[in-house]
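Chemist: Mind looking over this structure? Questions follow.
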Amino acid sequence: MYSRENHQTWQRLYERMEDEWARYANRQFLAGLDQLQFDQAAVPRLEDVNRFLEPLTGFKALAVSGYIPAFNFFDCLSRREFPTTVTIRPGDSLAYLPEPDIFHDIAGHVPMHTDPAFAETLVQFGSLAHRAARRASELPNVEQRVTQLSSVIKALSRFFWFSIEFGLMTVGDDLKAYGSGLLSSFGELELAIESPGVQRYPFQVERVINQTFEVDSHQPLLFTVDSFDQLFELVEELGEWMLAGRLDDVAPGEPDVRPEDIESFLERD
């Protein structure tokens, strides 16, 4: 399935991240790397990854070939399946890409899935998506459902972005990364921790769901949590906000909500 060049690209990506991970990754990520026993010289096979991963938290990597609509993505999480891109970036494009590839999904995300508290947080996102779909289905017409879902999906996407993808954790006097967009990006990981040009704030639901972001540039603003227990509580708070209607009119702006994202929720309930 993978060419010699593909395997060389994986090895180059992995080798240049090792020192960065040792300096800036949270301890759960590093423990996950040890447990998963990746071969740094070859693109991993998902069946081999799952052989180590599934006994730990019940999660498994699920091969996908392209974009997954929002509800389908979150629904996979509720079943402890993580949609995993099987293609790898070109060897001349080692820097962070706005679209995921197998290095981002396997080396960036999957080590975190070995941690039980983090895994439960992912499952919670799936539960929120189901509640959002049921709640929208109770509205009297499609136009109202689309309006509500457009805002709720935007809020969920922003929360996921600033936590699961680009989250930071305060560990004593240090900052560590747990977000997979950071942990798979050689250039951005150090910037996120060290750069005085990056604004860092304690994670607050109200601020995060109204904060726009761009996928094709380094993030100038990030949010911190103290533990995965706190992150779990924040997702619970997000769910309470949704049921109270407080996600129905979040600030406009990025990210865009695709028509297929809306349809995925409407078709569910």
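Chemist: Here is a list of conditions, (1) buried (at least 23 other Cβ atoms within 10 Å of the Cβ); (2) over 23 Å from residue 123 (Cα atoms); (3) of a type in the set (Phe, Trp, Tyr), and residue 201 meets all of them except one; can you say which number that is?
Modeler: Only one criterion is unmet by residue 201, namely (1).
Chemist: So, one more: For residue 251, which of the numbered conditions (1) at pLDDT below 95; (2) more than 17 Å from the chain's Cα centre (by Cα) fails to hold?
Modeler: It fails just one condition, (1).
Chemist: With a cut-off of at least 1 residues that are in contact (Cβ under 8 Å) with a residue 12 or more places away in the chain and basic (Lys, Arg), name the helices (runs of 4 or more DSSP H) lying wholly within segment 56-162. Step through it out loud before you land on a result.
Modeler: Working: elements: 70-78, 116-137, 142-160.
In segment 56-162, 116-137, 142-160 are the helices (runs of 4 or more DSSP H) which contain 1 or more residues that are in contact (Cβ under 8 Å) with a residue 12 or more places away in the chain and basic (Lys, Arg).
Chemist: Of the residues 226, 174, 216, which is more than 30 Å from residue 116 (Cβ to Cβ), surrounded by fewer than 22 Cβ atoms within 10 Å (Cβ to Cβ) and either in contact with an Asp or Glu (Cβ under 6 Å, 6 or more places away or on another chain) or acidic (Asp, Glu) (or both)?
Modeler: 216
Chemist: While we're looking at this one, here's another question. Looking at segment 48-61, is at least one residue within 14 Å of the chain's Cα centre (by Cα), modelled with pLDDT of 95 or more and closer than 25 Å to residue 3 by Cβ?
Modeler: Yes; the residues of segment 48-61 include at least one that is within 14 Å of the chain's Cα centre (by Cα), modelled with pLDDT of 95 or more and closer than 25 Å to residue 3 by Cβ.
The values are calculated or read from the model by the stated rules, or taken from the named source; none is laboratory data. Bear in mind that the values here come from a model prediction, so they are computed numbers and not experimental data. We place every Cβ from the backbone using ideal geometry, glycine too, and count neighbours over all the protein chains shown.
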